[in-house]
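The values are calculated or read from the model by the stated rules, or taken from the named source; none is laboratory data. Fair warning: this is a prediction, and the values are worked out from it, not measured in the lab. Note that we place each Cβ from the backbone using ideal geometry, even for glycine, and neighbour counts take in every protein chain shown. Note: accessible area is taken over every heavy atom of the protein model, side chains too, but ligands, DNA and RNA are not part of it. Shrake-Rupley method; radii C 1.70, N 1.55, O 1.52, S 1.80 Å.
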Amino acid sequence: MLNRFLQELHRLAGEDASEKHYLVAVSGGADSMVAATLFHKAGLRFSVAHCNFHLRGADSDRDMHFVQKMAAIWQVPLFLREFDTLSEQKHSGKSIEMVARELRYRWFNELLPDFDFLVTAHQSNDAAETVLLNLVRGTGLKGLCGIPPMNDKIIRPMLIFTAQEIRQYAENQHIEYVEDYTNQDEEIVRNRIRHSVVPQLENINPQFLSTNAHSRLVLQRQYAYYQKHIEADKKNLLSVKEGQYQIQRSQLNQCEDKDLVLYEILNEFGFSPDVSEKLAESSNFQSGKQFFSDHYILLIDRAFFIIKPKDKAENHTIHIDSLETLRRYFDIEEFEYQKDMVFDKNPDTLYVPKEKLTFPLQIRPWRHGDFFYPLGAKGKQKLSDFFTDHKIDRFTKENIRLLCTGDDIIWVIGWRSDERYKVQKDKTMCYKLYKKNDLTPYNM
């Protein structure tokens, strides 16, 4: 087993695998204990990471103390993290298994910068069970590929072994490990697949695990080829502007299989297949219709599907009581207006008479009912009408900020200043304000 393990490790980590520094995730069970033992026997440089989720009472602490003991025997560094998993899950709306997985990998990612690779001890049975689990829940091609042997800095060299091979090796080499009694609980779907479904499939095909492993390899190669073409389409369709993602609808319609491409793009943002199916028939929806995933909002606009993070929709008012405070948000120049002076027409620039810039000021989001007197126009106009006239989409509107004094809007920042605050008199002392950056709260 050691030789096969080292061959696979070199395939995944490269020819210089013996020089790398590995972080090995060790639960204390047979799979991870054999994996860590193989690293130890091979004389490789590795550290151990263990999570205590406190889900199994005294057994959780037993596993933690066991891994601490083994790390001391191996004389390797141990990274230990304890989680209050039930509290984390309470308001998440997710299964306890999913929450534990997210906590585990979030912590691993914090540790990873100090290592070349993270090693998890997933084996062939795990990969076969994952394929079946994905098939039951509904999956695309990626789900049928099972657990990848390598994912960026995460490698899984134990995938070449079955659970039976690992248990047999542990027995032959007298490797200690702990048993997790919850692995027998068939209320957990994965356990039901492991103990009831896989044995039935092995009755039909005694070589089910090896056949499944071969199929996964073929599917992984096919998926990699497929992804190259999908990524090319994404590159043409998906653009980023001011922190928002845009999918050009007219260009999407030219794709050979627009439904499939749209599904692959939206899947990355956590939108369900149902959303991509609805959007494929988006002619049925008016502009302004929104869809939601856990972390993103999608807006149907005239020419684009626009996607932005949910947390960027927050609105706050900034109170400014002095010129010094105003300089935090704008570059400011003071000058004397001379007759026939030409002003920059950049909408990110405001020219305002000094006497009219009276404090306190506010930088705030727009509200329904707001109006101003657009520079160069006749009379006042509702902001909502101004936005419509300029075809400003809903997400952009949410990020627009106003510079106000009292109830007056001096400047729709980045779009238009107010006629009442323009420079009119010769030899008037003025300010020129230039917007430094995005003034929405998350960029302050």
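Listed by chain and number, the aspartates and glutamates placed with their C-alpha closer than 17 angstrom to that of residue 41 are 8, 19, 31, 171, 176; residues fewer than eight positions away on the same chain are left out. Neighbours of residue 261, meaning other residues whose beta-carbon lies under 10 angstrom from its beta-carbon, give a summed charge of -3 when Lys and Arg score +1 and Asp and Glu score -1. Within the same chain, lysines fewer than 8 places from residue 234 are excluded, and of the rest, those with a Cα less than 29 Å from its Cα are 142, 153, 258, 278, 289, 308, 310, 312, 391, 397. Our summary gives the chain a relative contact order of 11 percent, counting only alpha carbon pairs under 8 angstrom and 6 or more residues apart.
The accessible surface of the range 241-365, taken with every protein chain in place and a 1.4 Å probe, is 44 percent carbon and sulfur.
A helix-only calculation puts the chain at -11500 deg cm²/dmol for mean residue ellipticity at 222 nm, using -39500 (n - 2.57) for each DSSP H run of at least four residues, averaged over all residues. Using the 1.4 Å probe convention, the accessible area of the range 18-100 works out to 47 Å² per residue with neighbouring protein chains retained. Of all stretches in the chain that contain no chymotrypsin sites (Phe, Trp or Tyr not before Pro) in a DSSP loop with at most 15 other Cβ atoms within 10 Å, the longest one is 1-284.
Per atom type, the range 105-224 shows carbon and sulfur on 51% of its accessible surface, probed at 1.4 Å. In order along the range 110-123, the Karplus-derived 3J(HN,Hα) couplings, from 6.51 cos²θ - 1.76 cosθ + 1.60 at θ = phi - 60°, round to 5, 7, 4, x, 8, 10, 7, 8, 9, 10, 10, 9, 4, 10 Hz, and Gly and Pro are given as x.
Report, in whole Å, the centroid distance computed from the Cα atoms of the range 19-50 and the range 63-119. The range 19-50 and the range 63-119 have Cα centres spaced 14 Å from each other.
Average accessible surface for the range 292-444: 55 Å² per residue, computed with a 1.4 Å probe over protein heavy atoms with every protein chain in place.
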